[in-house]
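Right, one structure below, let's go through it.
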Amino acid sequence: MQEASTAGDIAWGDTNKPVTPHVFDSLLSRVTEHFSGREVFIQDLLVGADPAFRLPIRVITEQAWHSLFARNMFIRPKPEDLRGFVPRFTVLQAPGFMANPARDGTRSEAFIMLNFAKRLVLIGGTRYAGEIKKSIFSVLNFLLPARGVLPMHSSANIGPQGDTTVFFGLSGTGKTTLSADPSRTLIGDDEHGWSKQSVFNFEGGCYAKVIRLDPLAEPEIFATTRRFGTVLENVVMDEAIRELDLNDESLTENTRASYPIDFIPNASATGIGGLPSNVVMLTADAFGVLPPLSQLTPEQAMYHFLSGYTARVAGTEAGVREPSATFSTCFGAPFMPRHPTVYASMLLDRIRAGNVGCWLVNTGWSGGAYGTGKRMSIAHTRALLGAALDGALKDVPMKPDAAFGLLVPETCPGVPKDILLPRNVWSDKAGYDRTANEVARRFEANFVQFASKVDERVRAAGIRPAA
């Protein structure tokens, strides 16, 4: 809602749409009336593992499974936390209430509205549980930068030497899979804050995409789908024999499992790690032209953070028949109330101050675009990441990728040398050049919106098509 205390700090536009106090108050009244006389489920929960930045919230739902989802995803308070508990934000989630756009001033029957003055979130017309957690993520994305904390749509883990790594990535890029590495301690899989002292998890659970989940490649996550207390969303089950089919995409590709983070054996007990040694940006490039791993300068990291590139493929969305480039700034545009450069500038400052290693990892296609090439091997991706994070690439010569100017290691233990430079594994070299140039054009066109708001070093670090 557009109100005086926050209106000047929110980046209004295609993502953040203003509504008047009248529209919000009218819907609040109608949602409250919808709840009247119904059985409701209430959870008092905490958000933010670091007590210095913790937000107490209350979640009120009309269905039990949404209440369990909230209890899985946020931090469950101890008995002493509940004494004198006062929520600073309340979520009213009413999936059975459909807005009337003509009457209510909404764009559809579904709505998600935030009111910072009243500290309320209204959700209606949608049963997608993710809106509960994402709405609170949006709240923190507004509140925390003013307190010197960078909020991040990221996973994070800790290595054997105590080194923290942050993983940025959109849905389907492997953020949850790669952070749940059995050799590293999981801080969290989706939402974190980077303060001056630490990286800390916002949540107390994980929300993993489980379509075609492989029990051999992702055993920790696969095991959660068989545990009592996990909420499975959009997953198809044979009701006669009560057997799950994680390969069934008949409802949607966006099948999910929500579970407490301690279902992952190597999860951190505190949800807090040290300042990052490395930042990894994940992309699932369905065009097959980006290197599987490249090293970024701080300026390149800011450029790719603002770009937030990945690609959709056929089957992930209705109407998608071929690879489609997607740019979601800060790897989470729908949840960023402030201008993207606020978050990107904070990231650049922290990378420079901490001399943080930065890496771009393509978990998408190799040897050709989707339909011709094949998906990058998880084993190869893990080998590349492991070498980057444990310092094995420190003394390995780096070679610029011809299409994008990204520095690529010439060798990596456990990874075939020919896949490191993607052009090498395309049989159609001219096809690679055309496709890479087209992807570069899309990067360039997308970044126009930020070009005047960043300094020359960041602009110079950008991707450009061949002349």
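The values are calculated or read from the model by the stated rules, or taken from the named source; none is laboratory data. Keep in mind it's a predicted model, so treat the numbers as computed, not measured. Please note: Cβ atoms are built from the backbone with ideal geometry, for glycine as well, and neighbour counts cover all protein chains shown.
Residues checked against (1) surrounded by fewer than 15 Cβ atoms within 10 Å (Cβ to Cβ); (2) touching a strand residue (DSSP E or B) at 6+ places or on another chain (Cβ under 8 Å); (3) hydrophobic (A, V, I, L, M, F, W, C):
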| residue | (1), (2), (3) |
| --- | --- |
| PRO400 | yes, yes, no |
| ALA403 | no, no, yes |
| GLU410 | yes, yes, no |
| LEU420 | no, yes, yes |
| VAL425 | no, yes, yes |
| ALA440 | no, no, yes |
| GLN449 | yes, no, no |
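Yes/no matrix, rows are residues, columns are (1) among the polar types (S, T, N, Q); (2) touching a residue at least 60 places away in the same chain (Cβ under 8 Å); (3) surrounded by 20 or more Cβ atoms within 10 Å (Cβ to Cβ); (4) more than 24 Å from MET302 (Cβ to Cβ):
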site	(1), (2), (3), (4)
SER324	yes, no, no, yes
ALA333	no, yes, no, no
VAL342	no, yes, no, no
ILE351	no, yes, yes, no
LEU360	no, yes, yes, no
ARG382	no, yes, no, yes
ASP395	no, no, no, yes
LEU406	no, yes, yes, no
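Here's the yes/no breakdown for (1) free of Cβ contacts under 8 Å to residues at least 60 places away in the same chain; (2) not in a strand (DSSP E or B); (3) not assigned by TED's automatic domain parsing to the domain that holds VAL199:
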| position | (1), (2), (3) |
| --- | --- |
| LEU232 | yes, no, yes |
| GLU249 | no, yes, yes |
| ASN278 | no, no, no |
| PHE287 | no, yes, no |
| SER294 | no, no, no |
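Could you tell me whether any residue of the range 116-132 is touching a His at 6+ places or on another chain (Cβ under 9 Å), hydrophobic (A, V, I, L, M, F, W, C) and under 20 Å from SER154 (Cα atoms)?
Yes, the range 116-132 contains a residue that is touching a His at 6+ places or on another chain (Cβ under 9 Å), hydrophobic (A, V, I, L, M, F, W, C) and under 20 Å from SER154 (Cα atoms).
Evaluate the range 134-146: report whether one residue or more is in contact with a Ser or Thr (Cβ under 8 Å, 6 or more places away or on another chain) and on the phi > 0 side of the Ramachandran plot.
No, because not a single residue in the range 134-146 is in contact with a Ser or Thr (Cβ under 8 Å, 6 or more places away or on another chain) and on the phi > 0 side of the Ramachandran plot.
Testing ALA49 on (1) over 28 Å from ASN201 (Cα atoms); (2) assigned to a loop (DSSP other than H, G, I, E, B), one condition comes back false. Which one is that?
Just one mismatch for ALA49, condition (1).
I'd like the residue in the range 134-179 that is assigned to a helix (DSSP H, G or I) and closer than 24 Å to GLU218 by Cα and, out of all such residues, is nearest to the chain's Cα centre (by Cα). It would help to see each step written out before you state the result.
We begin by selecting, within the range 134-179, every residue assigned to a helix (DSSP H, G or I); these are 134-147, 175-179.
From the residues that got through so far, the ones that are closer than 24 Å to GLU218 by Cα too are 175-179.
Details: LYS175: 7, THR176: 9, THR177: 12, LEU178: 13, SER179: 12 Å.
Among residues in the range 134-179 that are assigned to a helix (DSSP H, G or I) and closer than 24 Å to GLU218 by Cα, the one nearest to the chain's Cα centre (by Cα) is LYS175.
Within the range 271-313, restricting attention to residues that are within 19 Å of the chain's Cα centre (by Cα) and of a type in the set (Val, Ile, Thr), which residue is farthest from ALA180 (Cα to Cα)?
Top of the filtered list is VAL313.
crowded, with 24+ Cβ neighbours inside 10 Å, farther than 18 Å from PHE331 by Cα and hydrophobic (A, V, I, L, M, F, W, C): which single residue out of VAL289, VAL280 fits that description?
After ruling out the rest, the residue left standing is VAL289.
From GLY188, GLY172, GLY125, GLY162, grab the single residue that is out of contact with any Leu (no Cβ under 6 Å at 6 or more places or on another chain) and either closer than 28 Å to ALA7 by Cβ or hydroxyl-bearing (Ser, Thr, Tyr) (or both).
Of the residues listed, the single one that is out of contact with any Leu (no Cβ under 6 Å at 6 or more places or on another chain) and either closer than 28 Å to ALA7 by Cβ or hydroxyl-bearing (Ser, Thr, Tyr) (or both) is GLY125.
Could you check, for the range 35-48, whether at least one of its residues is farther than 26 Å from LEU144 by Cα and within 27 Å of the chain's Cα centre (by Cα)?
No, the conditions are met nowhere in the range 35-48.
Would you check if ALA466 is outside the structural domain of GLY364 (by TED's automatic domain parsing), among the aliphatic types (A, V, I, L, M) and exposed (fewer than 14 other Cβ atoms within 10 Å of the Cβ)? Spell out how you get there, then give the answer.
Values: outside the structural domain of GLY364 (by TED's automatic domain parsing): yes; among the aliphatic types (A, V, I, L, M): yes; exposed (fewer than 14 other Cβ atoms within 10 Å of the Cβ): yes.
Taking the combined requirement at face value, the residue satisfies it.
Looking for whichever is under 18 Å from LYS134 (Cβ atoms) and either of a type in the set (Gly, Ala, Ser) or in the same structural domain as GLU131 (by TED's automatic domain parsing) (or both) here; the options are ALA217, ALA208. Which one fits?
Answer to the selection: ALA208.
I want to confirm something. Restricting to the range 180-209 and keeping residues that are under 15 Å from the mean Cα position of the chain (by Cα) and not in a strand (DSSP E or B), which single residue is nearest to THR310 (Cα to Cα)?
Among them, the one singled out is ASP190.
From the set of residues in the range 73-123 that are among the acidic types (Asp, Glu) and either assigned to a loop (DSSP other than H, G, I, E, B) or surrounded by 12 or more Cβ atoms within 10 Å (Cβ to Cβ) (or both), which is farthest from the chain's Cα centre (by Cα)?
ASP104
Which of the residues spanning the range 181-203 are more than 20 Å from THR329 (Cβ to Cβ), crowded, with 24+ Cβ neighbours inside 10 Å and of a type outside the set (D, E, K, R)?
Within the range 181-203, LEU186, ILE187, GLY188, VAL199, PHE200, ASN201 meet the criteria.
Would you confirm whether or not the range 167-176 contains a residue that is charged (D, E, K, R) and more than 16 Å from THR283 (Cβ to Cβ)?
No; the residues of the range 167-176 include none that is charged (D, E, K, R) and more than 16 Å from THR283 (Cβ to Cβ).
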